[in-house]
Structure formats: C-alpha cells, structure tokens
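A short write-up of the structure that comes next.
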Amino acid sequence: MPCKSARKRVAILISGRGSNMAALIDAAKDESYPAEIALVLSNDPAAQGLNHAAANGVATAVVDHRSFGKDREAFEHAMQRELETHRIELVCLAGFMRLLTPWFVRQWDGRMLNIHPALLPAFKGLDTHARAIAASAKQHGATVHFVVPEMDAGPIIAQAAVPVHAGDTEAALAARVLEVEHHIYPLALKLVAEGRVRIDGSNCLIDGQPAALASTSSQQ
Ligand code: GRF
C-alpha cells in the first residue's frame, strides 16, 4: 500500500488579531492539505488570535518578550525551545511584530515564511496602505516570502495584486488587501509543504518555474 506522506508540522507566530492564522488553520482542516498547524505561538499573552486557535483545537504557547527585557536572543531561545518541543518543521509569521535576530533566522533558513501587506519590494516596513495611497499607487497587494535577516526581503513565493481606487481610505484598502492575504498564504504554505518551492539565489522557483503573480484581484 502506498505510504501517505506525512503532513509538515507548522507553527504560526502571531502578535495580534490572527486573521491570517485563522485562514491557515482553516486550510489545514482539509486532511489533503500538506501541512498541519501544530502550534500557535505568541509573544503577547493578550493576542486575540490565541483564543481562536485554542477554540479550533490548536496547541498554543506564549513566550512574552517583556519577560526578557532587552535580551532578544534569550527571548528567541525560549521560542526556539517551544518550537523544538512541538517538533515544528516550518514556521509562518503572521502579524508577528518582533524583529528577529540573524541567529533565529538562521535556525529556520528556507523554512520560515512571512506575509507582508504590500507588493514587495515596494513598501517595506509599516503603514503600507497609507503609504500606497499617499504615493498614488494604482496597484497594491500582498506578498508571501521566505524570511532572511533583512526585514521584508527574501525570496518571494507568492504575490497578489489589488487595485487602489480613487478616494480609497486606508481601511478600505487594507480590507481589500487582507482578502487576498487570506488566499495567498495558504497557497504559499501548501507549495512549500509539498516541496515544490526551490530557492534559487534571491528568487523562488515553483515546479522549476519563476514564481508568478497570483491572478487574484479583488474587484470591490
Ligand atoms: C497582515 O496585514 C499581515 O500582512 C501583516 O500583519 C497583518 C496581520 O494581520 N504582516 P492578522 O493578524 O493576520 O489579521
């Protein structure tokens, strides 16, 4: 009998609301999805997403960065211990609001994904929606990429674009982008968990082809 390949054990790191986390948990409810969400880990005991994860039967853990003062490596070693305890194979950052040291990033080289609410390399950093509106961008969107020591850099796995409408508010644009985030993060994790993504220098190849912009485009 052919042996069904094991699903990859994934941890999602959150600091807040956790809507991308919820989208990943939902996707992984399908047994044919190649990853299982084995842990949701937060640096903030008050993160709203923790309740949703627990209500959906996902193990949760908190490593409160405030207990470590300025000692970022001690904080990250504590997170690393949690990840090892849960035998995690892939990490997804989903609104995780702590900068990571090169040490931690190296532990997860090629195995840690992040979602950023912009079409990288445009609008790295915070307040991406307000900045896209201020720059009169016609297109905006979201990117899933592998994490490298430089913030919001790293090989791109998936992107999706949305239009920026005249008179858009930051909230309206954020909602339009969030909708595609919830689509591309589960897609990107699936591709990585299936072993279909290869890092080639600063790019990703998917099934041997350059990663393409997802055609998802909200018409709202
Ligand atoms: C998302 O916009 C994500 O792209 C960014 O932080 C936000 C997190 O939102 N990295 P949520 O907690 O997943 O709802």
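Each reported figure results from applying straightforward, stated rules to the coordinates on display, with no laboratory input. Quick caveat, the model's predicted, so the values are computed rather than measured. Every residue, glycine among them, receives a Cβ derived from its backbone with ideal geometry; neighbour counts consider all protein chains shown.
Some notes on this structure:
- Sequence ranges 25-32, 8-15, 152-159, ranked by mean other-Cβ count within 10 angstrom, highest first: 8-15, 152-159, 25-32
- The chain: Lys pairs at Cα distance under 25 angstrom, eight or more positions apart or on different chains: 8
- Under 5 Å from the amide H of A153 lie the amide H atoms of V148, each residue being 5 or more positions distant or on a separate chain, with H modelled from the backbone and absent for Pro and chain starts.
- Between the residues H183, V147, P121, the greatest Cα displacement towards the positive end of the dipole of the chain, with unit charges on the Cβ of Lys, Arg, Asp and Glu, is found for V147.
- In the calculated pair-distance distribution of the chain, the portion above 32 angstrom amounts to 16 percent of the Cα-Cα pairs.
- Taken over region 1-108, the convex hull of the Cα atoms encloses 97 Å³ per residue.
- For G95, distant residues with modelled amide H under 5 Å away: I115
- Cα-based equivalent ellipsoid of region 114-220: semi-axis lengths in Å, sorted from largest, via gyration tensor: 25, 15, 10
- Applied to region 69-79, the Karplus parametrisation 6.51 cos²θ - 1.76 cosθ + 1.60 on θ = phi - 60° returns per-residue 3J(HN,Hα) values of x, 8, 7, 5, 5, 5, 4, 5, 4, 5, 5 Hz, with x for Gly and Pro.
- Estimated [θ] at 222 nm from DSSP helical runs (n ≥ 4, -39500 (n - 2.57)) normalised by residues in the chain, nearest 500: -9500 deg cm²/dmol
- Annotation: extensible slack from R198 through L126 equals 23.1 nm (criterion: 0.36 nm per residue apart, minus Cα-Cα distance).
- Cβ-Cβ distance of H86 and E150, R₀ of 35 Å, FRET efficiency by 1/(1 + (r/R0)^6): the value works out to about 0.80.
- Rel. contact order, % - alpha carbon contacts under 8 angstrom, at least six apart, the chain: 18
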